[in-house]
Amino acid sequence: SLLLGMRLESSFQRANTFQLFSPDADPVTGLLDTTDRLPAATLTQSLTGPLAERPMQLRLGYGKTVNRPDLRELSPSTYYDVKTNREVVGNPDLTRAVIENYDLRWEWYLSSDESVSVAGFVKQFTDPIESVIEVGAAGRLTLANASAAQNNGLEFDVRKSIGFGSG
């Protein structure tokens, strides 16, 4: 079976950062105004063979998504990140990242609540947002768009009933 879809996302973000000690100065503005067409497709093929008494299928998928900076990341003001224990300075020049996802998955259904699957995936990023350590003694972080990145992986999934059913 073939499943096709398309999502249209329009986004407008503006972060105006005012200068505390220069109230008459123009604010620094981080602006994102984008419209994205985000297609998705899944092709699923049932498999038959010597193990056909248990349903198996092969699934090929594609999807396009985006990752936008949040408002504090678009502002050049400094904030404290408790996860990294560092100060972070936002970047008003950030753009949104585009992510293309490809995956191939084999699924074997042993029963209605038990299955085994193996999948491989590739994610290709255009303009991914990354943390960068600023040059200087403070070791502050800032954010920047890299030109590209790729993430590849394998995924193994086993779902097994352990007998704690409802009822």
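Quick notes on this structure:
- Estimated vicinal HN-Hα couplings, Hz - the range 68-81 in sequence order (Karplus 6.51, -1.76, 1.60; Gly, Pro = x): 9, x, 7, 5, 5, 6, 7, 9, x, 6, 9, 9, 9, 9
- When the helices of the chain are scored as -39500 (n - 2.57) per DSSP H run of n ≥ 4 and the total is divided over every residue, the value at 222 nm lands at -500 deg cm²/dmol.
- Sparsely packed loop sites in the range 69-167 (the trypsin sites (Lys or Arg not before Pro) outside DSSP H, G, I, E and B with at most 13 other Cβ atoms within 10 Å) comprise 83, 160.
- DSSP beta bridges in the range 32-167 [antiparallel fraction, %, rounded to 5]: 95
- Mean shadow area of the range 1-135, taken as a quarter of the surface of its Cα convex hull (nm²): 12.6
- Taking 17 Å as the straight-line reach from the Cα of residue 123, the aspartates and glutamates in range (excluding those fewer than 8 positions away in the same chain) are 100, 103, 155.
- Rounded to the nearest Hz, the phi-derived 3J(HN,Hα) couplings of the range 117-129 under the Karplus curve 6.51 cos²θ - 1.76 cosθ + 1.60 (θ = phi - 60°) are 9, 10, 9, x, 9, 9, 10, 10, 9, 10, 6, x, 8, where x marks glycine and proline.
- Within the range 54-154, the GluC sites (Glu not before Pro) that combine a DSSP coil assignment with at most 15 other C-beta atoms in a 10 angstrom radius are 134.
- Computed over the alpha-carbon pairs of the range 60-134, the distance histogram in 5 Å steps reads 3, 12, 16, 14, 12, 11, 10, 9, 7, 4, 2 percent, short to long.
- Proximity of backbone amide H atoms, modeled 1.01 Å from N, is registered between residue 91 and 74, 75, 143 at under 5 Å, excluding neighbours fewer than 5 places apart on the same chain.
- Solvent exposure of the chain, expressed per residue, is 68 Å² of accessible area, with all protein chains present and a 1.4 angstrom probe.
- Scalar couplings 3J(HN,Hα) for the range 145-156, obtained by applying the Karplus form with A = 6.51, B = -1.76, C = 1.60 to θ = phi - 60°, are 8, 7, 6, 6, 7, 9, 10, 10, x, 10, 9, 10 Hz; x denotes Gly and Pro.
The values are calculated or read from the model by the stated rules, or taken from the named source; none is laboratory data. Here the structure is a predicted model, which is why all the values come from computation and not from measurement. Backbone-built Cβ (ideal geometry, glycine too); neighbour counts: all protein chains shown. Surface accessibility is based on the protein's heavy atoms, side chains included, excluding ligands, DNA and RNA. Shrake-Rupley method; radii C 1.70, N 1.55, O 1.52, S 1.80 Å.
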